[in-house]
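Note sheet for the following structure.
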Amino acid sequence: MTFAKEASEQTVTISTNRDTWMAFSPQEASWITLRQEGNTLHVKAEANEMGRERTGAVIVNAGGTQRRISVRQSAADILLQPETMQISFFREGGRKTVSLKTNAADLRVDLAPGTDWLTVESQSRDGFTLVAKPTTEKLRRTTKVTIASGNSVQELAVEQEGSLPYVLPLLTFPARLGEVMQYEQGRGHIMVRVPDGFSSNASYRFMTRSKLIPYIEYQYSQDNDEVYYATRTQCTDISLVKDNPDFEAFLLEYGFTRDHEEKAGKVVVYTKKDFPALLSVVFGTDDASIRTVYLAIQDKAYPTFTKLPMHRQDAFLGSRPLGKLGASQDEVRAQEKAWKSSLDTKISEPGYDRFIPESTTGDREAELLRGYFYTTADAEIPEGDPYINHVQGLQAAYADLSLAFWRDPVGKLHLTREVMEFMAAAGFPFYGTFPGGNEAFFNKKTGKAYIFTPVKEGGKSILEIQCYYDKPSADASAIRSSLERHLSRRKK
């Protein structure tokens, strides 16, 4: 009989000329349970949690005659779970024990070839001990420890600090707070400050072993502990980091190279390939602060629009300041009816209509809704004006937010490269970001603007776009002021 690794039951039919029979399993096969029912034997195997195949037997006895049934159960998937994936040693060396959760029967712990400063001791299924020799080198030294059983492999990063006094934060990104705490405490740093709950930012400070760089501070947003967005340390001696070749060599060891200077040399910025943060050194009078600030780098391609948003509605758009008479409310309603849309009667705002289009399942560019803003009388527009009840603005919403935005590990939304390039090619280069997450694209020659905004609808993030005309202008401040006025008046 062969069982899968999961708990399961099989049956065997027993044929005998004896009045009675019995079955049992040897004591060592305690994972097998038997139940007799007439001439049927039910054999049940518990789930195998070990990473090796196991075997047992069932003995059937009838009047002194015995028959043996072999039982075999597949191995569970091998679990290799070290308590940490990063191990740090002081320059003085020492011993560190790594605990391990595993169901593997056989385990190998190997050092990377050429590692002569680290040894493995006291290996068992519960863990192993690493012993590091002292170092006199300026820069850190690193190696890998491989834990393997069968085809399952885990690789741990091991580093030993050098004699230089510099300290950098955890350079894994994104990193949950628990990972940061484990890393910092693993290299002997003590957490001394936690958030007070009143600020929108959550700062966690760790005291280091270095008198010259006494602390590291990680900053999270209160509503997202998935990833820190900034770190800060303080160097009490400016000469250690300003025009110091040892500092440059230390940063280069971690992959950071000098990129540029800001504020007349008072800030030096370093970058690291494929690392989504900038490292800046800000010089004071006698000291300096070392900061890392998250830099959003789009993670993949996001397909965007193939046609300009609201291209069917575009013919309705007008502008009183530009002398362009838009479609009337009656004309819009007639056309939307012809498109088999339904007027949203739950919305009863003056100067605004919202329509729910006919379902177009599977079309990413299909609108969830279409809206129209009509000119209404106000202090500047008298009753009877010919533009009243004619379209002055368009609106549409789309279920797929990724048509225009991508979300970074911090949780913030950014315009995709693809939508920026598409809109620019269509004559609407990106103009700027406005309060409320509004992203503006503007054609200075025609005065036409598109505003992209992520909004919540029924608990889900969707894309809303509005379009209207503004006065063409070469004056950037005038354009911005006019766009802000439009945004302050708009309805949703």
key: Breaking point among (1) surrounded by 16 or more Cβ atoms within 10 Å (Cβ to Cβ); (2) at pLDDT 90 or above; (3) closer than 25 Å to Pro174 by Cα, for Ala301   = (1)
query = Just a yes or no: is a residue in the stretch 235-246 more than 30 Å from Arg354 (Cα to Cα) and in contact with a Pro (Cβ under 8 Å, 6 or more places away or on another chain)?
reply = yes
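Considering each of Ala366, Ala396, Ala338, Ala296 in turn, give the residue that is in contact with an Asp or Glu (Cβ under 7 Å, 6 or more places away or on another chain) and farther than 30 Å from Leu279 by Cα.
Numbers: Ala366 fails: in contact with an Asp or Glu (Cβ under 7 Å, 6 or more places away or on another chain); Ala338 fails: in contact with an Asp or Glu (Cβ under 7 Å, 6 or more places away or on another chain); Ala296 fails: farther than 30 Å from Leu279 by Cα.
The unique qualifying residue is Ala396.
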task = Could you tell me whether any residue of the stretch 404-416 is in contact (Cβ under 8 Å) with a residue 60 or more places away in the chain and more than 23 Å from Ile297 (Cα to Cα)?
result = no
ask   = Which residues, taken from the stretch 119-151, are closer than 15 Å to Gly162 by Cβ and either without any contact (Cβ under 8 Å) to a residue 24 or more places away in the chain or surrounded by 12 or more Cβ atoms within 10 Å (Cβ to Cβ) (or both)?
value = Ala132, Lys133, Pro134, Thr135, Glu137, Lys138, Leu139, Arg140, Arg141, Thr142, Thr143
query = Among the residues of the stretch 421-453, how many are surrounded by 18 or more Cβ atoms within 10 Å (Cβ to Cβ) and under 23 Å from the mean Cα position of the chain (by Cα)?
reply = 4
query = Here are some conditions: (1) under 26 Å from Gly255 (Cβ atoms); (2) surrounded by fewer than 16 Cβ atoms within 10 Å (Cβ to Cβ); (3) outside the structural domain of Gln234 (by TED's automatic domain parsing); (4) under 32 Å from the mean Cα position of the chain (by Cα). Gly114 meets all but one. Which one does it not meet?
reply = (4)
request  = Examine the stretch 420-437 for a residue that is outside any strand (DSSP E or B), over 18 Å from Tyr398 (Cα atoms) and polar (S, T, N, Q), and state whether such a residue exists.
outcome  = no
request  = For the stretch 270-293, name all the residues that are in a strand (DSSP E or B), within 14 Å of Thr257 (Cα to Cα) and of a type in the set (D, E, K, R).
outcome  = Lys272
query = Which one is surrounded by the most Cβ atoms within 10 Å (Cβ to Cβ), of the residues in the stretch 1-32 that are aromatic (Phe, Trp, Tyr) and within 18 Å of Gly51 (Cα to Cα)?
reply = Phe3
query = Hey, among Leu401, Leu413, Leu394, which residue is modelled with pLDDT of 95 or more and under 30 Å from Leu177 (Cβ atoms)?
reply = Leu401
request  = Test His311 against the stated conditions and say whether it is under 30 Å from Lys471 (Cα atoms), free of Cβ contacts under 8 Å to residues at least 24 places away in the same chain and not hydroxyl-bearing (Ser, Thr, Tyr).
outcome  = yes
request  = Could you tell me which residue of the stretch 256-280 is nearest to Thr233 (Cα to Cα), considering only residues that are among the small types (Gly, Ala, Ser) and surrounded by 14 or more Cβ atoms within 10 Å (Cβ to Cβ)?
outcome  = Ser280
Boolean, Thr433 is farther than 23 Å from Tyr374 by Cβ, touching a residue at least 24 places away in the same chain (Cβ under 8 Å) and among the β-branched types (Val, Ile, Thr) = no
ask   = Taking the condition in contact with a Phe, Trp or Tyr (Cβ under 9 Å, 6 or more places away or on another chain) and part of a loop (DSSP other than H, G, I, E, B), does Ala29 pass?
value = no
task = Please find, within the stretch 354-381, the residue that is nearest to Gln313 (Cα to Cα) out of those that are at pLDDT 90 or above and of a type in the set (Val, Ile, Thr).
result = Ile356
Hey, Ile87 within 28 Å of Glu53 (Cβ to Cβ), in contact with a strand residue (DSSP E or B) (Cβ under 9 Å, 6 or more places away or on another chain) and either in the same structural domain as Glu53 (by TED's automatic domain parsing) or surrounded by 16 or more Cβ atoms within 10 Å (Cβ to Cβ) (or both) or not = no
query = What number of residues within the stretch 305-338 satisfy the criterion of being within 40 Å of the chain's Cα centre (by Cα) and either part of a loop (DSSP other than H, G, I, E, B) or over 17 Å from Glu367 (Cα atoms) (or both)?
reply = 10
ask   = Which one of these does Arg232 not meet: (1) touching a Phe, Trp or Tyr at 6+ places or on another chain (Cβ under 8 Å); (2) more than 27 Å from Thr143 (Cβ to Cβ); (3) surrounded by 15 or more Cβ atoms within 10 Å (Cβ to Cβ)?
value = (1)
Check on Gly162, surrounded by 15 or more Cβ atoms within 10 Å (Cβ to Cβ) and touching an Asp or Glu at 6+ places or on another chain (Cβ under 7 Å) = yes
inquiry  = Out of everything in the stretch 360-386 that is part of a strand (DSSP E or B) and not basic (Lys, Arg), what residue ends up being surrounded by the fewest Cβ atoms within 10 Å (Cβ to Cβ)?
reply    = Leu368
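Here is a yes/no grid of residues against (1) surrounded by fewer than 16 Cβ atoms within 10 Å (Cβ to Cβ); (2) under 18 Å from Ile290 (Cβ atoms); (3) outside the structural domain of Lys138 (by TED's automatic domain parsing); (4) at pLDDT 95 or above:
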{"position": "Thr172", "(1), (2), (3), (4)": "yes, yes, yes, no"}
{"position": "Val192", "(1), (2), (3), (4)": "yes, no, yes, no"}
{"position": "Tyr204", "(1), (2), (3), (4)": "no, yes, yes, no"}
{"position": "Ser210", "(1), (2), (3), (4)": "no, yes, yes, no"}
{"position": "Glu253", "(1), (2), (3), (4)": "no, yes, yes, no"}
Qualifying strands (runs of 3 or more DSSP E) (wholly inside the stretch 114-211; at least 2 residues being closer than 15 Å to Ile87 by Cβ and of a type outside the set (D, E, K, R)) = 118-124, 127-132, 141-149, 152-160
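The values are calculated or read from the model by the stated rules, or taken from the named source; none is laboratory data. Keep in mind the model is a prediction, meaning the values are calculated, not measured. FYI the Cβ positions are ideal-geometry reconstructions off the backbone, even for glycines, and counts take in every protein chain you see.
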